[in-house]
Amino acid sequence: MNSSDSFVPLREEVEFIDNYLDIEVIRFGRDKLRVVKELDPESLDVMVPAMLLQPLVENSIKHGLASKVDGGSIYLRGRLSAKELIVEVEDDGVGMGAAQLVEEPNGLGGTGIGMANVAERLKVLYGTRPR
């Protein structure tokens, strides 16, 4: 890649995540890490910032699933809504502690550097919008 702000089709970003998750599945074991993808076909051609999903998936594994003895699942979802692409990374891990829930969010509901970097990158690329 020429730049960290280059854009790729969501399809390529998902392929990169698939490769990353293949390694994690080997590490955890096939019976301990399940990956569920619910991606609308039309969402796969939308251009997204490269390397956007990897920190989110890594965060799910590191903070959500790594400490679960019985493992868990990561859900990748993508769909178009009006003129927006909605991408979700969800896990069924241990969840956030009460202290994390009351801390000032950095834009994506987390307090770690990976989440902060993703939030800042999206803010720089797309600006902020009222909720």
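Summary table below
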{"read-out": "Leading residue by the ranking (most open to solvent (accessible area, probe 1.4 Å)) among those in the range 55-72 that are under 18 Å from residue 117 (Cβ atoms), touching a residue at least 40 places away in the same chain (Cβ under 8 Å) and not aliphatic (A, V, I, L, M)", "value": "63"}
{"read-out": "Counted residues, the range 53-76 - those being out of contact with any strand residue (DSSP E or B) (no Cβ under 8 Å at 6 or more places or on another chain) and either hydroxyl-bearing (Ser, Thr, Tyr) or assigned to a loop (DSSP other than H, G, I, E, B) (or both)", "value": "5"}
{"read-out": "Residues of the range 41-66 that turn out to be of a type in the set (Gly, Ala, Ser) and within 19 Å of residue 81 (Cα to Cα), as a count", "value": "1"}
{"read-out": "Any hit, the range 11-22, residues being part of a helix (DSSP H, G or I), open to solvent by less than 50 Å² (accessible area, probe 1.4 Å), farther than 21 Å from residue 119 by Cα and in contact with a Lys or Arg (Cβ under 6 Å, 6 or more places away or on another chain)", "value": "no"}
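The values are calculated or read from the model by the stated rules, or taken from the named source; none is laboratory data. This is a predicted model, so every value here is computed, not measured. All Cβ positions, even for glycine, are placed from backbone atoms using ideal geometry, and neighbour counts span all protein chains on display. We work out accessible area using only protein heavy atoms, side chains counted, and drop any ligands, DNA or RNA first. Shrake-Rupley method; radii C 1.70, N 1.55, O 1.52, S 1.80 Å.
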